[in-house]
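K.L.:
My questions will all concern the structure given below.
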Amino acid sequence: MARGSSVSIKRVGLSIGANEIMAGIDLDIRAGEFVCLLGPSGCGKSTLLNAIAGFQDVAGEILVDGKPVAGPGPDRGVVFQSSEALFPWLTVRENVEYGLKLRGVGAGPRRDAAERYVSLVGLKHAIDKFPGELSGGMRQRAQIARVLVNEPKVVLMDEPFGALDAQTREVLQGELDRIWKSTGCTIVFVTHDIWEAILLSDRVVTMTAGPRAHIKTVEKVELPHPRDPADPACMALYARIRDDIGAEVTRVLRAQGLIEEELVK
Amino acid sequence: MARGSSVSIKRVGLSIGANEIMAGIDLDIRAGEFVCLLGPSGCGKSTLLNAIAGFQDVAGEILVDGKPVAGPGPDRGVVFQSSEALFPWLTVRENVEYGLKLRGVGAGPRRDAAERYVSLVGLKHAIDKFPGELSGGMRQRAQIARVLVNEPKVVLMDEPFGALDAQTREVLQGELDRIWKSTGCTIVFVTHDIWEAILLSDRVVTMTAGPRAHIKTVEKVELPHPRDPADPACMALYARIRDDIGAEVTRVLRAQGLIEEELVK
Amino acid sequence: QGAPVTIGVGADPVFTAFFVAANEKLFAKHGANVAVQSYTDGGEALNALVANQVNLACAGEPTHIVRLSRAELRPLAVTYQSKTYLKLVARKEIASADKIKKFGIVAGSVSEYVTGLTMKKLGIDAAKVEMVRSGPPELPALLARGDIDGYFVWEPWPTLGVQQGGHVLMTCGDVGYTSTLWLSATAGWLATNKEVAGNILKALAEAAEITRKDPPRAAQSVQAVTRIPVPQTLNSLKDMEPVVRDFSDADLKTANAIGEFLLSKQAIKAPVDMGKILQRGFYKG
Amino acid sequence: MTQLTQTATPAAQEPAKPSHLGRRLKAARPFLISVIAIVGGLVLWQLVSMTTSPLFLPSVSMTWAAALELIGDGTLQQSVIASSGRILAGWGAGALVGVPLGIFMGRFETVRQLLDPYIEFFRFIPPIAFVTLAVIWLGPGELSKIALIFYTTVFIVTLNTIAGVQAVNPLRLRAAASLGAGQLQILSTVILPSTVPFMVTGARIAMGNSFLTVVSAEIVSAREGLGALIWTARNFSRTEWVFVGIIALGLLGYLFDRVLRVATKKLLARYL
Amino acid sequence: MTQLTQTATPAAQEPAKPSHLGRRLKAARPFLISVIAIVGGLVLWQLVSMTTSPLFLPSVSMTWAAALELIGDGTLQQSVIASSGRILAGWGAGALVGVPLGIFMGRFETVRQLLDPYIEFFRFIPPIAFVTLAVIWLGPGELSKIALIFYTTVFIVTLNTIAGVQAVNPLRLRAAASLGAGQLQILSTVILPSTVPFMVTGARIAMGNSFLTVVSAEIVSAREGLGALIWTARNFSRTEWVFVGIIALGLLGYLFDRVLRVATKKLLARYL
Ligand SMILES: Nc1ncnc2c1ncn2[C@@H]1O[C@H](COP(=O)(O)OP(=O)(O)OP(=O)(O)O)[C@@H](O)[C@H]1O
Ligand SMILES: Nc1ncnc2c1ncn2[C@@H]1O[C@H](COP(=O)(O)OP(=O)(O)OP(=O)(O)O)[C@@H](O)[C@H]1O
Ligand SMILES: [Mg+2]
Ligand SMILES: [Mg+2]
């Protein structure tokens, strides 16, 4: 089974046109670590994930396993925020088999692997449907299966469970945790759900609001698994992270005159 | 200010090809009511919303203000689950002004209204950007502004806050509540967040898992505003709804052999 | 029988002799192994000759002259002649050629040449008439609409002009032009195939004889090879004299005159010495 | 505050609900409308032909008689078969070359820069200009005609394919790359399928140009073919034959397009 | 269990990071590549021309001399201006009619069914077939030529626009309808902007066809124009003049296309 790769982000900055989106981002992720990335909407989480995936040229350096990222590659699997990333001309099964086919995995094992991962995300009944015939949440799950079946060394996930009901989400969180533990892959996971971050990850990283977003705080989650939201340490952590992000959101919204004082917590 | 319309859904069913997605849906929504729709991923929430919006022919009857729905119209505003619904060739401002322009609102008032609603969703700083230059959450907020600025009698929202961080979400929930109260519009709101449903709505409707999805339970939320999650009545309600949806999810996932007994709560 | 010889011709009744000779196997009779390849017009056939795709080709004088300065072609004999194939057609209101103010012409063709001859002959001031360029099929239409007063062009367009209410004022013979077709070979091929060429001309002479004596029989051959309907060919044959003959002094004079005309139109850059190129005396009749 | 008045505009009818009664009529409607369109066209033609000489515009009945005549002696059938063969060969070759060319040009900057001047130069040059050269180089046989049709097809397919490549959703390119697809695999597994609708449109338009070109191509030394028929008839001013040829071209084109559309809808459904 | 081996394929190079050193070279590259393409083409031409008679393919230098000659006496300039005017008028009219036609046909089933037989019939009929009729109805002046160019343009623009209408994201149609847009407003505010990339491609391809048609159109009573120049030169077998005309057509087309592309990129950026 593939072990994870380390990811080092060194003084990374990124501008699109005149918009300086991120600047001076420094973050070292150990091989096999599970890191959650949180931050106000529009701060640059997806952009940072894209940079690690190799989709975007950046100032500074991003090293994966010590080697600079020169472009996208199958060692870093990406679950995109938008479910448009599925191939609409392929069924769910074919979408999931896509990566395996590229690597020349034979038809039999490919079929088995695809079915296993499609079941894992609860889509067995829709395995022969096209993406256009799926609901938003189902598409997102198909995307997750498509990436995980490849067993990449680094899994980059952009709000993968955002469109799921609480129960399906819980089940998938459990599955992801299991896969992570058994493969030892590195996971960078963007979410808006602070509880989700605390329950899953080794470290929770928060970002400041853009422009010129950078890393605000890094919280280690040194609690034993499975974690209990009712645990006071958990609750304290939750409160800290919430306040960190809250401060950023408030700063942005107040700058726009949206929050009058009485609304601010 | 526009008052809401009532929405009556009578023995509604919907099939796409051989797939019978919903069947025998019955639901009466009072004028000015705030109804939340919950259910397992892929059960048919978006489909039902589309049917009310008039995008889809259905068996049975859907009446808005007593008149059968014959197609889409500006009396029913729709916030789509996918942010692809924005017009990519218009800036945020132009997207938001779109509906007003159609109705012949003059340039001045149009501008004011657009700016007010864009600020409301915290996008004033990005008002002249194109959708392609926005993050996922920002796009979703732009869509919300585009619908609310029209002050429709019925607002149909499909996971509008799904891609937002907790704080931005909280602010927008507050704003939505304020708009709802001041305009008296009817709101049908799809969400996966049970707390959000309890905090905002008059009634919480849950659906069974498809195919042949129908309405499972309807819970009245008869608690005074603002609601407190710590309130035992609130917590009991939360537990009931969670268990209702949970039972459906479990049924589906077990059918696929995904959940072994020990995983089921 | 020797190596196969290909003759390029246009798909037109003016090439009747070739079709008759091919259809009635007269070439074989005279010991020549000949295939007749038809092109849209003589020009394309002559192009094929220049490109060495055929061994012999038949086309009119101007068509030859514009190519002679760039290719070693050897015209062997005249295989057709007519004093009436080109006609001047004018609208009903135009009583005589000197009343024409607007001439329709096919630029760069004999149509333009004979129009020039007409103006010279009638003393029409070139500055006072307008030349309207057109493709041949559009000339009757322009005449019917009144956009032009008349045009001097080959069949079947004059006949069509008459059907459109025009009338014939002159034929090319009236302005001193006898339309001829020449059969040519490339210099290289001719050097080693003089005998075959002679035999071919003999076969063509026999075909011309048949055409002259029995037009319907010839028209049958034309239809067999080109699908041109019999009445069409018969109509065209009325205007032509099927002959095979050697070049005459008159031919040389006409060729030189056309050469000058083409020179004046910048179609050729230097005069061609027709006397040297025409193979006078090759066909012994 | 702003003054926004909510007007209860009657809802726009998007896909009208079919009444059970009207359903049978509705099924026949497309057919009826087409019939009306065709009959209307014929009536218009007849009326217009009565205002001008049959030399320029023969009447419906004259043309019909000429068609019967040409069918009677087999000319029309032979012409249709000969021209169809040339069109299919030239157009097929054009599409087969144009699609990969367009994909490579659309995807690789260097290939585009290298070939763009040629494409953007030659596509403005009418095939008629190359008729003589084609005959000289390729002989008066089928090859020169097919080459001319190829020439006219390839640019259009290429151009449309390039447009398609540039319209590919970049998200899907990214997804493929990080699932392990190399440049060539991205071409065949993402760009090619995404571009299908553009290629089909290109091929359909190019089919039109093949028909225009077959007439120019058959100006040279074709015994059979609709183009040859039209040219010969034109030279002998048998306008009603010209019209038979024209109508045969139009109907043949309509038929080919229909077949192409149905075939692509059947075979390429998932890509459209 | 399945045996999936993780191979550490070297990452595909998507947008290669430019080194600071190579940046200046890189800026000049597109230009250099184009120059190479053009010079390569000229060399090839010269080589090929040496294998055949100048009657069919004149050499580069002969053509250059002829071009100087035609420029010297002003013929070429006049021809370019005359043909450009006709092309722009006919093409512009074709695009102006084709775009709304395509939008209506793409959007309304009934309109499509009514007009489809015409479009799908006439687009296969070469404009040369209508030269005589155009002259009869519209006279030998500019109008008949412009009409023929219009004829050849309108189908292509229409067809591409229809394809564009059918590719509009249905989500956006729904959004517009529930924001209060009626059928016509949906046409102008959603379908029209969404279809722009297809219309531009259609217009570009149609520009090519305008160039092909101007040559056919100028066979009739054109004193000036590149088509007239080519026809006359063809009659005279002045192949080097034909080539000057052809090259002028090609270059003019290239220029028009460049202007069209830059203009659409500037003016329609947000829709592309
Ligand atoms: N093409 C572009 N041009 C200009 N600005 C852009 C462009 N693309 C993205 N941005 C800006 O970059 C910022 C970060 O975007 P990003 O998608 O990374 O945010 P995010 O943190 O993922 O937000 P969300 O939680 O809403 O998904 C946003 O403010 C956005 O406006
Ligand atoms: N075109 C189609 N063909 C077949 N089935 C379809 C089609 N469109 C939707 N469905 C099915 O309809 C069901 C309901 O879809 P819908 O989008 O309404 O779900 P949802 O409740 O909104 O889910 P989510 O919470 O994931 O957004 C799904 O099971 C989906 O597979
Ligand atoms: Mg994001
Ligand atoms: Mg949904």
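K.L.:
With more than 28 Å from C:Ala270 (Cα to Cα), open to solvent by less than 30 Å² (accessible area, probe 1.4 Å) and assigned to a strand (DSSP E or B) as the only criterion, which of C:Leu76, C:Leu88 stands out?
P.N.:
Details: C:Leu76 fails: more than 28 Å from C:Ala270 (Cα to Cα).
It is C:Leu88.
K.L.:
Regarding D:Thr195, is this residue in contact with a helix residue (DSSP H, G or I) (Cβ under 7 Å, 6 or more places away or on another chain), open to solvent by less than 20 Å² (accessible area, probe 1.4 Å), assigned to a helix (DSSP H, G or I) and under 28 Å from E:Ile128 (Cα atoms)?
P.N.:
Values: in contact with a helix residue (DSSP H, G or I) (Cβ under 7 Å, 6 or more places away or on another chain): yes; open to solvent by less than 20 Å² (accessible area, probe 1.4 Å): yes; assigned to a helix (DSSP H, G or I): yes; under 28 Å from E:Ile128 (Cα atoms): no.
So D:Thr195 fails the test.
K.L.:
Taking the conditions exactly as written (part of a loop (DSSP other than H, G, I, E, B), within 17 Å of C:Tyr85 (Cβ to Cβ) and touching a residue at least 60 places away in the same chain (Cβ under 8 Å)), does C:Tyr177 satisfy them or not?
P.N.:
Values: part of a loop (DSSP other than H, G, I, E, B): yes; within 17 Å of C:Tyr85 (Cβ to Cβ): yes; touching a residue at least 60 places away in the same chain (Cβ under 8 Å): yes.
Spelling it out, C:Tyr177 is indeed part of a loop (DSSP other than H, G, I, E, B), within 17 Å of C:Tyr85 (Cβ to Cβ) and touching a residue at least 60 places away in the same chain (Cβ under 8 Å).
K.L.:
Take the conditions open to solvent by less than 10 Å² (accessible area, probe 1.4 Å), out of contact with any Gly (no Cβ under 8 Å at 6 or more places or on another chain) and among the β-branched types (Val, Ile, Thr) and apply them to A:Val7. Does it pass? Let's see the steps before the verdict.
P.N.:
Details: open to solvent by less than 10 Å² (accessible area, probe 1.4 Å): yes; out of contact with any Gly (no Cβ under 8 Å at 6 or more places or on another chain): yes; among the β-branched types (Val, Ile, Thr): yes.
Here the answer is yes, as A:Val7 does meet what is asked.
K.L.:
If E:Phe56 passes every condition in (1) within 25 Å of E:Leu260 (Cα to Cα); (2) within 14 Å of chain D (Cβ to nearest Cβ) but one, which one does it miss?
P.N.:
(1)
K.L.:
Give just the number: which of (1) of a type outside the set (S, T, N, Q); (2) more than 16 Å from ligand 1 (Cβ to nearest atom); (3) without any contact (Cβ under 8 Å) to a residue 60 or more places away in the chain; (4) over 18 Å from B:Gly42 (Cβ atoms) does B:Gly246 not satisfy?
P.N.:
Unmet for B:Gly246, out of (1) of a type outside the set (S, T, N, Q); (2) more than 16 Å from ligand 1 (Cβ to nearest atom); (3) without any contact (Cβ under 8 Å) to a residue 60 or more places away in the chain; (4) over 18 Å from B:Gly42 (Cβ atoms): (4).
K.L.:
OK, next. Among the residues of segment C:99-128, count how many are modelled with pLDDT of 85 or more, farther than 20 Å from C:Thr254 by Cα and part of a helix (DSSP H, G or I).
P.N.:
Adding up the residues that qualify gives 3.
K.L.:
Only residues that are more than 14 Å from C:Val196 (Cβ to Cβ) and open to solvent by 10 Å² or more (accessible area, probe 1.4 Å): list them for segment C:1-14, please. Before the answer, list the steps.
P.N.:
Applying the first criterion (more than 14 Å from C:Val196 (Cβ to Cβ)) to segment C:1-14 yields C:8-14.
Residues satisfying the conditions are C:Ala11, C:Asp12, C:Val14.
K.L.:
Okay, next question. Can you pull out the strands (runs of 3 or more DSSP E) entirely within segment A:159-235 that have at least 3 residues that are open to solvent by 20 Å² or more (accessible area, probe 1.4 Å)? Explain how you work it out, then say what you get.
P.N.:
Working: elements: A:186-190, A:203-207, A:215-220.
Those strands (runs of 3 or more DSSP E) span A:215-220.
K.L.:
Is it the case that some residue within segment A:72-83 is touching a residue at least 40 places away in the same chain (Cβ under 8 Å), away from chain D (no Cβ under 14 Å) and surrounded by 24 or more Cβ atoms within 10 Å (Cβ to Cβ)?
P.N.:
The first filter runs over segment A:72-83 and keeps only residues touching a residue at least 40 places away in the same chain (Cβ under 8 Å), leaving A:74-81, A:83.
Next, from what is left, pick out any that are away from chain D (no Cβ under 14 Å): none.
No, every residue in segment A:72-83 fails to be touching a residue at least 40 places away in the same chain (Cβ under 8 Å), away from chain D (no Cβ under 14 Å) and surrounded by 24 or more Cβ atoms within 10 Å (Cβ to Cβ).
K.L.:
In addition: Looking at B:Val171, B:Val188, can you tell me which residue is more than 14 Å from chain A (Cβ to nearest Cβ) and away from ligand 3 (no atom under 16 Å from the Cβ)? Give the derivation first.
P.N.:
Working: B:Val171 fails: more than 14 Å from chain A (Cβ to nearest Cβ).
Exactly one residue qualifies, and that residue is B:Val188.
K.L.:
Name every residue in segment A:131-158 that is under 20 Å from B:Lys45 (Cβ atoms) and either within 9 Å of chain B (Cβ to nearest Cβ) or part of a loop (DSSP other than H, G, I, E, B) (or both), in order of residue number.
P.N.:
A:Glu133, A:Leu134, A:Ser135, A:Gly136, A:Gly137, A:Met138, A:Gln140, A:Arg141, listed by residue number.
K.L.:
Does E:Ile87 fit the bill of being of a type outside the set (Gly, Ala, Ser) and at pLDDT 85 or above? Please lay out each step first, then the result.
P.N.:
Details: of a type outside the set (Gly, Ala, Ser): yes; at pLDDT 85 or above: yes.
Considered against the rule, which asks whether it is of a type outside the set (Gly, Ala, Ser) and at pLDDT 85 or above, E:Ile87 comes out as yes.
K.L.:
While we're looking at this one, here's another question. Report, by residue number, each residue of segment E:245-272 that is of a type in the set (A, V, I, L, M, F, W, C), in contact (Cβ under 8 Å) with a residue 24 or more places away in the chain and open to solvent by less than 10 Å² (accessible area, probe 1.4 Å). I'd like the intermediate steps shown before the answer.
P.N.:
Filtering segment E:245-272 for residues of a type in the set (A, V, I, L, M, F, W, C) gives E:246-249, E:251-252, E:255-256, E:259-260, E:262-263, E:267-269, E:272.
From what is left, the residues that are in contact (Cβ under 8 Å) with a residue 24 or more places away in the chain are E:247-249, E:252, E:256, E:260, E:268, E:272.
The answer is E:Leu249, and nothing else.
K.L.:
Also, quick follow-up: Scan segment E:202-211 and give yes if some residue there is assigned to a helix (DSSP H, G or I), open to solvent by 20 Å² or more (accessible area, probe 1.4 Å) and at the interface with chain D (Cβ under 10 Å from one of its Cβ atoms), otherwise no. Give the steps one after another, and end with the answer.
P.N.:
Going residue by residue through segment E:202-211, those that are assigned to a helix (DSSP H, G or I) are E:202-211.
From what's left, open to solvent by 20 Å² or more (accessible area, probe 1.4 Å): E:204.
Subset that is at the interface with chain D (Cβ under 10 Å from one of its Cβ atoms): E:204.
Yes: segment E:202-211 contains one or more residues that are assigned to a helix (DSSP H, G or I), open to solvent by 20 Å² or more (accessible area, probe 1.4 Å) and at the interface with chain D (Cβ under 10 Å from one of its Cβ atoms).
K.L.:
I would also like to ask the following. Filter segment C:218-235 down to the residues that are closer than 16 Å to D:Ala233 by Cβ and among the hydroxyl-bearing types (Ser, Thr, Tyr), then identify the one that is most open to solvent (accessible area, probe 1.4 Å). Explain how you work it out, then say what you get.
P.N.:
Going through segment C:218-235, the residues closer than 16 Å to D:Ala233 by Cβ turn out to be C:222-223, C:226-233, C:235.
Now drop any that are not among the hydroxyl-bearing types (Ser, Thr, Tyr), which leaves C:226, C:233.
Numbers: C:Thr226: 20, C:Thr233: 0 Å².
Per the stated criteria, the residue is C:Thr226.
K.L.:
A further question on this structure: Hey, D:Glu218 hits all of (1) over 30 Å from A:Ala70 (Cα atoms); (2) within 14 Å of chain A (Cβ to nearest Cβ); (3) surrounded by 24 or more Cβ atoms within 10 Å (Cβ to Cβ) but one; which does it fall short on?
P.N.:
Single failed check for D:Glu218: (2).
K.L.:
I would also like to ask the following. Just the residues that are surrounded by 24 or more Cβ atoms within 10 Å (Cβ to Cβ) and of a type outside the set (A, V, I, L, M, F, W, C), please, taken from segment C:45-54.
P.N.:
Hit for segment C:45-54 is C:Asn47, nothing else.
K.L.:
Considering only residues that are buried (at least 16 other Cβ atoms within 10 Å of the Cβ), polar (S, T, N, Q) and within 30 Å of D:Ile38 (Cβ to Cβ), which ones fall in segment E:67-122?
P.N.:
Across segment E:67-122, the qualifying residue is only E:Gln113.
K.L.:
Of all residues in segment E:149-198, which are of a type in the set (Ser, Thr, Tyr) and more than 9 Å from chain B (Cβ to nearest Cβ)?
P.N.:
First, the residues of segment E:149-198 that are of a type in the set (Ser, Thr, Tyr): E:151-153, E:158, E:161, E:178, E:188-189, E:194-195.
Scanning segment E:149-198 gives E:Tyr151, E:Thr152, E:Thr153, E:Thr158, E:Thr161, E:Ser188, E:Thr195.
K.L.:
Only one of (1) at positive phi; (2) facing another protein chain (nearest Cβ under 8 Å); (3) at pLDDT below 90 is not met by E:Gly225, so which one is it?
P.N.:
Condition (2) is where E:Gly225 drops out.
K.L.:
Of all residues being touching a Phe, Trp or Tyr at 6+ places or on another chain (Cβ under 7 Å) and hydrophobic (A, V, I, L, M, F, W, C) in segment B:142-176, which is farthest from ligand 4 (Cβ to nearest atom)? Just the residue, please.
P.N.:
B:Val149
K.L.:
Among the candidates A:Gly44, A:Gly54, which residue alone is among the small types (Gly, Ala, Ser), away from ligand 3 (no atom under 16 Å from the Cβ) and either open to solvent by less than 40 Å² (accessible area, probe 1.4 Å) or more than 19 Å from A:Lys153 (Cα to Cα) (or both)? Let's see the steps before the verdict.
P.N.:
On the way: A:Gly44 fails: away from ligand 3 (no atom under 16 Å from the Cβ).
Of the residues listed, the single one that is among the small types (Gly, Ala, Ser), away from ligand 3 (no atom under 16 Å from the Cβ) and either open to solvent by less than 40 Å² (accessible area, probe 1.4 Å) or more than 19 Å from A:Lys153 (Cα to Cα) (or both) is A:Gly54.
K.L.:
Counting just the residues of segment C:242-272 that are among the charged types (D, E, K, R) and modelled with pLDDT of 85 or more, which one comes out least open to solvent (accessible area, probe 1.4 Å)? Let's see the steps before the verdict.
P.N.:
So the first thing to find is which residues in segment C:242-272 are among the charged types (D, E, K, R), and the list is C:245-246, C:249, C:251, C:253, C:260, C:265, C:269.
Now drop any that are not modelled with pLDDT of 85 or more, which leaves C:245-246, C:249, C:251, C:253, C:260.
On the way: C:Arg245: 53, C:Asp246: 44, C:Asp249: 108, C:Asp251: 15, C:Lys253: 155, C:Glu260: 127 Å².
That would be C:Asp251.
The values are calculated or read from the model by the stated rules, or taken from the named source; none is laboratory data. It should be emphasised that the depicted structure is a prediction, and the values quoted were computed from it without experimental measurement. Heads up, the Cβs are rebuilt from the backbone with ideal geometry, glycines too, and the neighbour counts pull from every protein chain shown. Calculation scope for accessible area: heavy atoms of the full protein, side chains included, ligands and nucleic acids excluded. Shrake-Rupley method; radii C 1.70, N 1.55, O 1.52, S 1.80 Å.
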